[in-house]
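Novice: Input: one structure, supplied below.
Read the figures in this text as sums done on the coordinates, not as results from a lab. These numbers come from a predicted model, not from an experiment. Every residue, glycine among them, receives a Cβ derived from its backbone with ideal geometry; neighbour counts consider all protein chains shown.
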Amino acid sequence: TSEDRSQVEQLAYRATGIPRPQLYDYLLHKQRIFVLSDSQGEIVGLMGCHRFGRGFSLGPCYINDSSGLIVLLQAVLSQLTGEFVRLDIDQRQLDEAVLTQWGLQRVDIPQIMVRAGQVPAFTPTAIEVTVMTPALG
């Protein structure tokens with residue numbers, strides 16, 4: 001909800017070093033964000049979900065550490081049973097066998113787009129698991 005916005009933006013920033021308030025305006029008001037919370041109610045993972053073509057695209061996904069990734073993805077995918085799902089995932093973050101087990105097939109490796117060809121120096125304190133697809137709306 002909008003009450004969680006600061007935690008959502010903070011987690012995303014810790015993973016990417018890029019403030020993206022317009023993206024979270026879009027996801028919070030027009031689409032969905034699934035969150036994984038710890039026992040104190042702090043958001044430790046999030047997965048955006050938006051309509052895409054004939055189904056849904058998942059992303060962006062940020063998480064404090066990889067231990068909760070499977071739980072978050074299982075929870076999100078359980079809400080999309082029978083739907084076409086696009087997941088642009090960093091191949092280092094999730095074993096392909098897990099994707100196959102969930103009925104997902106790797107068809108390509110996403111390319112990260114960077115304006116002006118340079119990534120600013122940044123030391124992440126969270127993990128960017130999936131990228132945000134450039135196809136919104």
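Novice: With a 10 Å cut-off between alpha carbons and a GNM built on the chain, which of S66, S39, S78 moves the most?
Specialist: Of S66, S39, S78, the most mobile in the Gaussian network model is S39.
Novice: In region 1-71, what trypsin sites (Lys or Arg not before Pro) fall in a loop by DSSP, with at most 13 other Cβ atoms inside 10 Å?
Specialist: On the way: sites: R5, R14, K30, R32, R51, R54; in loops: R54.
Answer in residue order: R54.
Novice: Under a 10 Å cutoff between Cα atoms, tell me which one of V85, V71, V44 has the largest fluctuation in the Gaussian network model of the chain.
Specialist: With Cα springs under 10 Å in the chain, the top fluctuation among V85, V71, V44 is at V71.
Novice: What does the C-alpha gyration tensor say about the overall shape of region 18-88? Classify as rounded when a/c is under 1.5, otherwise prolate if a/b is larger than b/c, or oblate.
Specialist: Verdict is oblate for region 18-88.
Novice: Per DSSP helix of 4 or more residues, -39500 (n - 2.57); summed, then divided by the residues of the chain. What does that give at 222 nm, rounded to the nearest 500?
Specialist: -8000 deg cm²/dmol
Novice: GNM on the chain, C-alpha springs below 10 Å: top fluctuator among L11, L72, L28?
Specialist: Top of the fluctuation ranking is L28.
Novice: Right, here's the next one. Given a Förster distance of 25 Å, report the FRET efficiency between T125 and T81 from their Cβ-Cβ distance, rounded to the nearest 0.05.
Specialist: Working: r = 34 Å, r/R0 = 1.34.
In this case the efficiency is close to 0.15.
Novice: Pick out, in residue order, every one of the GluC sites (Glu not before Pro) in region 28-99 that is DSSP loop and has at most 14 other C-beta atoms within 10 Å; say none if there are none.
Specialist: Sparse-neighbourhood loop GluC sites (Glu not before Pro): E42, E83.
Novice: Is there a quick way to get the dipole size of region 5-65? I mean about its Cα centre, with the Cβ of Lys and Arg at +1 and of Asp and Glu at -1; what is the value in debye to the nearest 20? It would help to have the intermediate numbers written out before the result.
Specialist: Numbers: 7 positive and 5 negative charges, 81 e Å.
So the dipole magnitude of region 5-65 works out to roughly 400 debye.
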